[in-house]
1. Amide H of Ser122 versus every other amide H placed in the peptide plane: which residues, excluding those fewer than 5 positions away on the same chain, fall under 5 Å?
2. Could you derive backbone 3J(HN,Hα) for the range 114-128 from the dihedral phi with the Karplus parameters 6.51, -1.76 and 1.60 (θ = phi - 60°), listing whole Hz in sequence and x where the residue is Gly or Pro?
3. Whole-Hz Karplus ³J(HN,Hα) for the range 97-104, in order, using 6.51 cos²θ - 1.76 cosθ + 1.60 and θ = phi - 60°, x for Gly and Pro?
4. DSSP loop chymotrypsin sites (Phe, Trp or Tyr not before Pro) in the range 38-98 with at most 12 other Cβ atoms within 10 Å of their Cβ, which ones?
5. Grab the Cα-Cα distance for Ser153 and Phe82, subtract it from 0.36 nm times how many residues apart they are, and report the gain in nm with one decimal.
6. Given springs between every Cα pair under 10 Å in a Gaussian network model of the chain, which of Arg38, Arg69, Arg88 has the largest fluctuation?
7. Calculate the spin-label point distance for Ile89 paired with Tyr127, positioning each point 7 Å from the Cα along the beta-carbon direction, and give it in nanometres.
Amino acid sequence: MIKAFDNFSKFLGIATGVVVVCMISAAMVSLNIQVFTRYVLGQSASWSEELAIFLFTWSILLVGSLGVREKFHVSLTFILDFSPRKIRILFEKLLHVLTLVFGLVFAFSGYSYVERTLGQISAAVQYPIEWLHIAAPVSGILICIHAFAHLISNPKEEDCRSDSTESSGGKI
């Protein structure tokens, strides 16, 4: 069960990465169209900037959830590096619980915001604005899934060793 949930989290992480690459690529194309139409044609496309903001918002929130999965968020481990392994494991589990709680709060408050903005449309593209705002609860759910997968998994030796600052790019 634990392995299956971790594989599900891993699959979602890979899928999220693919979606983010596609969104960032589309945002870059949209911004290049904006620059071309503004400076070459003398009149900017009304939709390109709004599309880029939409894609950028989704990308940032999805990459944030991917950071939970891949553990590439910055962390301060100075004190934990000198702590016994059991303390480090306990602290890691506590951090995963707090991340899970954050994901839940983010998902529920994001959903509440989506409910309050139902029926509004974007100015230029005319898409339902909840398509933009639904990024928050989706990201919150992904954060919960990834944090829970870390919480129930057995800690690996490399996750809790005292020289983790040398092997991990995100730890200070």
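Bear in mind that the values in this text are calculations on the coordinates, not laboratory data. Given the structure is predicted, the values throughout are model-derived calculations rather than measurements. Heads up, the Cβs are rebuilt from the backbone with ideal geometry, glycines too, and the neighbour counts pull from every protein chain shown.
1. The list, which skips near neighbours in sequence, is Tyr127, Ile129.
2. Computed from phi, the couplings for the range 114-128 are 4, 4, 6, 9, 4, x, 7, 10, 6, 5, 8, 7, 6, 8, x Hz.
3. 5, 5, 5, 4, 4, 4, x, 5
4. Details: sites: Tyr39, Trp47, Phe54, Phe56, Trp58, Phe72, Phe78, Phe82, Phe91; in loops: Trp47, Phe72, Phe82.
Qualifying residues, ordered by number: Phe82.
5. Net length gain for the segment: 23.2 nm.
6. Arg38
7. Result for the modelled spin labels: 4.6 nm.
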